[in-house]
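This report concerns only the one structure given below.
We did not get these values from a lab; they are worked out from the coordinates using the rules stated. All figures in this text were calculated on a predicted structure; none of them were measured in a lab. Using ideal geometry, Cβ is built from the backbone for each residue, glycine included, and neighbour counts are taken over all protein chains shown.
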Amino acid sequence: MSMQITAQNFEANAAKALKDPNLRKAMQIIGGPMASRRVETARELPEFEALRDEGVKIKNHVLKHIDLYLEKFEQQLTARGGKLHWCRTPREARETILALCRSRNAKLVTKGKSMVTEEIGLNAFLEEHGITPVETDLGEYIIQLAHEPPSHIIGPALHKTREQVAELFEDHHPDYELPNMPGVKAGPRSTEPQVLVTEARQVLRDRYFQADVGITGANFLIAETGATVIVTNEGNGDLTQSLPKMHIAVSSIEKVIPNLEDLSTILRILARSATGQEMSCYTTLSCGPKRPEDKDGPEEFHVVLLDNGRSEMLGTALEPLLRCIRCGACMNNCPVYHSVGGHAYGWVYPGPIGAALDPHMIGLETARHLPNASTFCGKCEEVCPMRIPLPDVMRWWREQAHEKQITPPLQRWGIEAWAFAAKHPWLYRLGAGIAIGLLNMLGKDKGRLASLPLAGGWTDGRDFPAPQSASTFMSQYKSKQGAAR
Amino acid sequence: MSQIDSKPRVALFVTCLVDLFRPSVGFAAIKLMEDAGCVVEVPEAQVCCGQPAYNSGDRNDTAAIAKQVIEVFEDYDYVVAPSGSCGGMIKDHYPALFAAEPDWQRRAEDLSGRMHELTSFLVDVLKIQSVQTAPQDVKITYHDSCSGLRELGVKAQPRALLESVQGLELVEMQTPETCCGFGGTFCVKYGEISTDIVSRKTADINATGADLLLAGDMGCLLNMAGKLKREGSPVQVRHVAEVLAGMTDLPAIGESSLGESK
């Protein structure tokens, strides 16, 4: 029911992505300007590193006492007239949301950006039950039109080019009229971002007013005040949550933090790590339904709180992943992500955080490629505002795969044979000597080999440098020592 | 600690790739450390640091291999590797392998304290500011290998030593710290992705206009050299130790003694 999983086909997905010219164009932006803006804004803030440490401390503290903070959050939320719905599984969350929508006789719901609703496959589920969800974040709206999942956790449509967006709008907005020109159909679209944004705003504007329910995510849950917090750049979340009669915030348990003080600490590193902004354009706190003295706001305020395996991560090697604030810095800086984009990972969370988290959520057998498809360059850990040891977690998954024999036999035997030799130096020396003699002979003329049996992965795209000489360093060193004596 | 004539007694951890593919790097490392006043030995019983097993999830074999390494290098003042990757494995990851074996953990930590990457050893430990090498009139660019950079903080040290070689001109890449896509077994298991990553790297290298690419890790060097040669790039590739030791008479990586179109 939740998003279609293709993680098991990672290799094929990646091969396809490597041949997609539009994706390659889009990835240049992520690897270039987006990654460098993070560096610049971080540099402008002398206490950036100290703030990261503080953020880690806050999150670690919360994770130790998460039960207390969640209960406090519920108390405060209830006191302000909101209602908390505890949901263990995606199914429970979907059913809860559907029941809430039905209680309002909802036909149309507007949605702010939420990765948790992707995780539970909410849109498809609502559609099946006769309710139309409309994404209001521009990126989410674009991929909704394209019937695609997000390819990046903060830039869901980063893989789409302007030309593709213009085409989608032409197809999906046949009645769209040019601004200030009533009766004039827009026709072939300009690919100017400003024009396209205006069109999306115009189309979505009506939806905000028509919606019966507004569903948003929540970046943070404040235990002290019972408030949910969203961080956006478009203001769409505010319209989504304040215009309809019912606001449902869908979030997950690890988003809770103690108080507003902590919020301000983490906000200072979130946007800088994500888009390289000092702050996102909108930071909105929802503190319950409309009070009698309020002029506007929803009549009902619900928080749907998902676990989906998160509480099982507490106290394990996976616990640090619960510090994640979903900024996307790890993918913005990942060489593998830059090559294959987000869809190749085959589930909701792509990039290094996905490679570390997805095996837990969708099963290691299905996601076994993800923690393996990393060079362990360590850049993700370097940029993660929450200092999550992503390579260590990926290695932990590799250990699980090795133990449970999920790693393909050929790879496992290869490593075990090699390890056997490494544990028997004489055997290793013998094997190394023979291999090096052979490689040296084959590659002597050119100093390199253009192809090599069993190493097609290397030689399809690169030459294989031949060994410098027919003998190893160790044997050369030994004969030199012998001669010197 | 045992010292002969108060000279530090240093063991060279050769590393598999130097042993197999580029012996001259081992000899260059020995020369650099001897020039700096060390007594250098190469324990014969050494093999691999265990990283291939470690990163493949084979923790038992990794621990067994690590114990061998710990034993072989127990008696030296320092252990030095011409690699940030193998150096980082021993210095950063060994102690964590023995959480359940306190005695081995103590020995792993002891080795960790004595373990250094070559350029970091010369600059940070021996406080060497310059190397004694004949002038070399070459435009170079330097790739920061991931493990050396992020696990061991190797960044300024090789540059400081290179600066002391007369005639060398360093032209930095746009992204010298970006991974080359080697990644150990990754380069074969996910060859297409690895090739794509290294092609971004070689574009960056070529754009510098440098004649010579240097780095401190053979894995990255073999990968980048392999791609540059496949592309027909004139950029030559060497380990930084070869240049610092002035041992550049042998052909560059992926080139032949029978001559190369430059």
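What average count of beta carbons from other chains do you get within 10 Å of the Cβ of residues in A:417-425? Please list the in-between numbers first.
On the way: counts 0, 8, 11, 2, 2, 13, 9, 2, 7.
Rounded to a whole number, the mean comes out at 6.
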Taking a virtual spin label 7 Å from the Cα of B:Val171 along the C-beta vector, which residues in the stretch B:193-220 bring their backbone nitrogen under 15 Å of it?
B:202-214
How charged is the neighbourhood of A:Asp212? Take every other residue with its Cβ under 12 Å from the Cβ of A:Asp212, and add Lys/Arg as +1 and Asp/Glu as -1.
+3
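Order these peptides, A:392-400, B:68-76, by their mean beta-carbon neighbour count within 10 angstrom, highest first.
The densest-packed peptide leads the list: A:392-400, B:68-76.
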First measure r as the distance between the Cβ atoms of A:Ile5 and B:Ala203, then evaluate 1/(1 + (r/R0)^6) with R0 = 41 Å and state the FRET efficiency to the nearest 0.05.
0.75
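List the GluC sites (Glu not before Pro) in the stretch B:121-176 that DSSP assigns to loop (not H, G, I, E or B) and whose Cβ has at most 15 other Cβ atoms within 10 Å. Which are they? Show your work: numbers first, answer last.
Working: sites: B:Glu151, B:Glu163, B:Glu169, B:Glu172; in loops: B:Glu172.
Counting only loop positions with at most 15 other Cβ atoms within 10 Å, the GluC sites (Glu not before Pro) in the stretch B:121-176 are B:Glu172.
If chain B were replaced by its equivalent ellipsoid, with semi-axes equal to the square roots of 5 times the Cα gyration tensor eigenvalues, what would those be, largest first, whole Å? Before the final figure, lay out the partial values.
Working: eigenvalues 176, 106, 44 Å².
Each semi-axis is the square root of five times an eigenvalue, giving 30, 23, 15 Å.
Step by step: find N for the stretch A:410-484, compute 2.2 N^0.38 Å, then divide the Cα radius of gyration by it. What's the final number?
Computed over Cα atoms of the stretch A:410-484, the ratio equals 1.29.
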Taking the dipole of chain B about the Cα centre (Lys, Arg +1; Asp, Glu -1; charges at Cβ), the one of B:Gln174, B:Tyr76, B:Thr62 that reaches farthest to the positive side is B:Gln174
Using a simple charge model, +1 on the beta-carbon of Lys and Arg, -1 on the beta-carbon of Asp and Glu, nothing else, what dipole does the stretch B:185-239 show about its Cα centre, in debye to the nearest 20?
100 debye
Enter the mean number of other protein chain beta carbons within 10 Å of the beta carbon of each residue in B:175-183, as an integer.
5
Treat each spin label as a single point 7 Å out from the Cα along the C-beta direction, and report the B:Arg9 to A:Ser479 distance in nm.
2.9 nm
Between A:His65 and A:Ala417, what is the spin-label point distance in nm, taking each point 7 Å from the Cα along the Cα→C-beta axis?
5.6 nm
Of the residues B:Ser164, B:Gly232, A:Val203, the Cα lying farthest along the dipole of the protein assembly as shown towards its positive end, which is defined by charges on the beta carbon of Lys, Arg, Asp and Glu, belongs to B:Gly232
Sorting check: for A:269-280, B:122-133, which peptide has the highest mean count of neighbouring beta carbons within 10 Å, and how do the rest follow?
A:269-280, B:122-133
Spatial separation of Cα centroids for the stretch A:322-370 and the stretch A:42-100, in angstrom
22 Å
Taking the Kirkwood radius as the inverse of the mean 1/r across Cα pairs, report the Rg/Rh of the protein assembly as shown.
1.02
For A:Asp460 and A:Arg80, what does the FRET efficiency come to when R0 = 51 Å and r is the distance between their Cβ atoms, rounded to the nearest 0.05?
0.25
How big is the dipole moment of chain B about its Cα centre under a simple scheme where the beta carbon of each Lys and Arg is +1, that of each Asp and Glu is -1, and everything else is neutral? Debye, nearest 20, please.
420 debye
Under a Cβ-only charge scheme (Lys and Arg +1, Asp and Glu -1), can you give me the dipole magnitude of the protein assembly as shown about the Cα centre, in debye to the nearest 20?
700 debye
Treating the stretch B:9-125 as a set of equal point scatterers at the Cα positions, no solvent, please give the Debye-formula log₁₀ I(q)/I(0) at q = 0.10 Å⁻¹.
-0.27
Computed over the Cα atoms of the stretch A:205-278, the Rg and Dmax in Å are 13.6, 37
Quick one: what does P(r) look like for the stretch B:173-244 with 10 Å bins over all Cα pairs, in whole %?
21, 58, 20, 1
Under a 5 Å amide H to amide H cut-off, with H placed in plane at 1.01 Å, what residues pair with A:Ser252 once short-range neighbours are removed?
A:Leu306
Just to check I understand the Karplus step: with θ = phi - 60° and J = 6.51 cos²θ - 1.76 cosθ + 1.60, what whole-Hz values come out for the stretch A:21-37, glycine and proline as x?
x, 5, 4, 5, 5, 5, 5, 4, 5, 5, x, x, x, 5, 5, 6, 5
Summed side-chain charge close to B:Ala210 - residues other than B:Ala210 whose Cβ falls under 9 Å, Lys, Arg +1, Asp, Glu -1
-1
Within 10 Å of the Cβ of an average residue in B:192-204, the count of other chain Cβ atoms is 6
Testing the spin-label approximation: label points 7 Å from Cα along Cα→Cβ at A:Asp175 and A:Val39. State their distance in nm.
5.0 nm
All aspartates and glutamates inside 17 Å of A:Lys444 as judged from Cα atoms, apart from same-chain residues fewer than 8 positions distant
A:Asp463, B:Asp249, B:Glu255, B:Glu260
Could you sort the peptides A:206-218, B:190-202 by per-residue average Cβ neighbour count (10 Å cutoff), highest mean leading?
B:190-202, A:206-218
Under the Karplus curve 6.51 cos²θ - 1.76 cosθ + 1.60, θ = phi - 60°, whole-Hz ³J(HN,Hα) for the stretch A:420-433, x wherever Gly or Pro sits
4, 5, 5, 8, 10, x, 4, 5, 4, 4, 4, x, 4, x
Using alpha-carbon pairs under 8 Å, 6+ residues apart, how would you state the relative contact order of the stretch A:45-308 in percent?
29 percent
May I ask you to list the residues of the stretch A:144-183 whose amide nitrogen lies under 13 Å from a point 7 Å from Cα along the Cα→beta-carbon direction of A:Thr191?
A:160-168
Which links in B:Lys155/B:Lys189; A:Lys25/A:Lys111; A:Lys83/A:Lys113; B:Lys127/B:Lys155 stretch past 25 Å when you go from one Cα to the other?
B:Lys155/B:Lys189; A:Lys25/A:Lys111
